[in-house]
Amino acid sequence: MEKKLTCVECPKGCEITVELDGDKIISVGGYSCQRGKKYAESEVICPRRVLTTTVKCADGGVVSVKTSNPVKKSEIFELMDKINKITVCPPVKIGQIIVKDIAEGSDLIATCNK
């Protein structure tokens, strides 16, 4: 099986082709740097994303948050279920850890002051 991807690791946007035999990568072509190769390998085997969302504040508002590292794309809905149950009490500072190790070593951190 062959998968075609457009690399998002740099502005070049290389068209990368990954050939697979089941879950095993046979070859990767079309990348112009090692970051592109690593991106393509990760994207076809276990895609990951930085999750950005909001959490409720006790004062009725919300504060924007993100995961400190990319998390498995397949686990995002489960992670959102956890996040939707969280309520924080202001004040919250940008960069503050809201939940330590919310997903496989990734913290949930505030991305704004509240």
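Within region 30-85, the residues that satisfy the criterion of being of a type in the set (Ser, Thr, Tyr) and either in contact with a helix residue (DSSP H, G or I) (Cβ under 9 Å, 6 or more places away or on another chain) or surrounded by fewer than 17 Cβ atoms within 10 Å (Cβ to Cβ) (or both) are Tyr31, Ser32, Ser42, Thr52, Thr53, Thr54, Ser64, Thr67, Ser74.
Determine whether region 15-27 contains at least one residue that is within 15 Å of the chain's Cα centre (by Cα), of a type outside the set (Ser, Thr, Tyr) and at pLDDT 95 or above. No - not one qualifying residue is present in region 15-27.
Would you call Ile76 modelled with pLDDT of 95 or more, within 28 Å of Glu43 (Cα to Cα) and in contact with a Lys or Arg (Cβ under 8 Å, 6 or more places away or on another chain)? Judged against the criteria, Ile76 is a match.
Of all residues in region 86-107, those that are under 14 Å from Cys57 (Cβ atoms) and either of a type in the set (A, V, I, L, M, F, W, C) or open to solvent by less than 90 Å² (accessible area, probe 1.4 Å) (or both) total 8.
Looking across region 62-114, just one residue is part of a strand (DSSP E or B), acidic (Asp, Glu) and in contact (Cβ under 8 Å) with a residue 24 or more places away in the chain, and that is Asp107. The set of residues in region 13-29 that are in contact (Cβ under 8 Å) with a residue 24 or more places away in the chain and surrounded by fewer than 16 Cβ atoms within 10 Å (Cβ to Cβ) contains only Leu20.
The values are calculated or read from the model by the stated rules, or taken from the named source; none is laboratory data. Here the structure is a predicted model, which means the values were calculated and not measured. Cβ: placed from backbone, ideal geometry, glycine included. Neighbour counts: every protein chain shown. Side chains included, ligands, DNA and RNA excluded: accessible areas come from the protein's heavy atoms. Shrake-Rupley method; radii C 1.70, N 1.55, O 1.52, S 1.80 Å.
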